[in-house]
Amino acid sequence: MKYLFGPVNSRRLGLSQGIDVLPAKICNFNCIYCEVGATTRHTCDRQEYSPTKEILDEIDTLLAGEHPPIDVFTITASGEPTLHSGLGSIINHIKHTTNKPVVILTNGSLLHIAEIRSELMAADIVIPSLDSAREESFRKINRPAKCVQLADIISGLCSFSREFPGKIWLEILLVKGINDSDADIAALVETTRKIRPDRIQLNTVVRPPLESYAAPMTEHELKKIARQFAGQIEIIADFAKRKRHHLRSAAEPEILDMLKRRPCTAPDICEALNLDLDQVEILLNKLLRNTTLTSITHAGKIYYQTHSENTVT
């Protein structure tokens, strides 16, 4: 399928059926840590970037046939999903055709717009991000388009938190030396008290970032920072791999589908899709030999990715 991928085994969400609503890296951010690549269209213009009917048809096709177990539908994008004007229709369609929760991943930059907040009201969980509450750090880490203002993001998150009947899990991604100073953390602590999310999730750079200088925090550093926040807080950066059960045989199409969206290591693929590592490595080596894939080394790990002409970005 063109827009649906997975389901993938998500640490946060269980078996997550992904929906990618954008055809390319269309975003109002160009984050230094982004694993998907550079933003190809830096904009705040909201349009129907993908044919919404085709996305709905793919959802119907999935539900009409035999499919793997699904815990949630997760709407995401190679860029920022709230830029897609058909987002509300997609959320409502899922809610009317299934009994599964709908999760939205967003950078939170457009939540100051009442129309967008209204569209998201039918979702069950919204996971926005806020990497900095200070202007200088915000510009360094997220590199927003000129149309984006940090004050609007924070006010939008506060408004959404008051209105949204579902759960808000606020993700904060920290990059060493960029947005991790004492002043940065203090500003984030104060701002999250105003937003009052149901959960705060701390993350850091794991996969190869867009900019080589985007360095990860250590687990110890994240734990120390986590103690400064109030409310429910968790570290979601995966420093320890989980034990997996009921492994499936590896299938080339689903591996390629995953790698079109972001670079992954062989263990990443196995963990997300619950596949056998030996079989995955055999397939990856085959795909490397026939030049379907390339590999890069980052932080001592080998990451696989499709060639640029085959990649969503």
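Determine the alpha carbon to alpha carbon distance for each of 100/194; 2/25; 260/301 and list only those over 24 Å.
Details: 100/194 30 Å; 2/25 15 Å; 260/301 19 Å.
In this structure, 100/194 exceed 24 Å between Cα atoms.
Would you mind getting me the FRET efficiency between residue 227 and residue 113? Use the beta-carbon distance for r and R0 = 41 Å, nearest 0.05. If you can, show how the numbers build up before the last one.
Details: r = 35 Å, r/R0 = 0.84.
Approximately 0.75, to the nearest 0.05.
If you take the beta carbon distance between residue 279 and residue 198 as r and set R0 to 25 Å, what does 1/(1 + (r/R0)^6) give as a FRET efficiency, to the nearest 0.05?
Working: r = 39 Å, r/R0 = 1.55.
Calculated value: 0.05.
Report Rg (one decimal) and Dmax (nearest whole number) for segment 113-181, counting Cα atoms only, units Å.
13.1, 38
Please give the contour-minus-distance gain from residue 66 to residue 290: 0.36 nm per residue of separation, less the Cα-Cα distance, rounded to one decimal in nm.
77.5 nm
Length gain on complete extension for the stretch residue 48 to residue 301, per 0.36 nm per residue less the alpha carbon to alpha carbon distance?
Gain on extension, residue 48 to residue 301, equals 87.3 nm.
Would you list 239, 160 from fewest to most Cβ contacts within 10 Å?
With the sparsest Cβ surroundings first, the list reads 239, 160.
Compute the FRET efficiency between residue 124 and residue 149 as 1/(1 + (r/R0)^6), taking r as their Cβ-Cβ distance and R0 = 41 Å, and round to the nearest 0.05.
Details: r = 29 Å, r/R0 = 0.70.
Taking R0 as 41 Å, the efficiency between residue 124 and residue 149 is 0.90.
Find how much the distance from residue 95 to residue 238 grows on full extension, using 0.36 nm per residue of separation minus their present alpha carbon separation; answer in nm with one decimal.
So the chain would gain 48.4 nm between residue 95 and residue 238.
Assign unit charges at the C-beta atoms only (+1 for Lys and Arg, -1 for Asp and Glu), then state the dipole size of the chain relative to its Cα centre in Debye, rounded to the nearest 20.
For the chain, the charge dipole is close to 560 debye.
Let me know the longest stretch in the chain that avoids all trypsin sites (Lys or Arg not before Pro) found in a DSSP loop with at most 10 other C-beta atoms within 10 Å.
Answer - 1-145.
State the Cα centre-to-centre distance between segment 265-281 and segment 147-212 in whole Å.
Between the Cα centre of segment 265-281 and that of segment 147-212, the gap is 31 Å.
Which cysteines in the chain lack any other cysteine whose Cβ sits under 4.7 Å from their own Cβ?
That list is 27, 158, 264, 270.
Rule-based calculations on the coordinates, nothing more; no lab input. Remember, predicted model here, so these are calculated numbers, not experimental data. Positions of Cβ are backbone-derived with ideal geometry, glycine not excepted, and every protein chain shown enters the neighbour counts.
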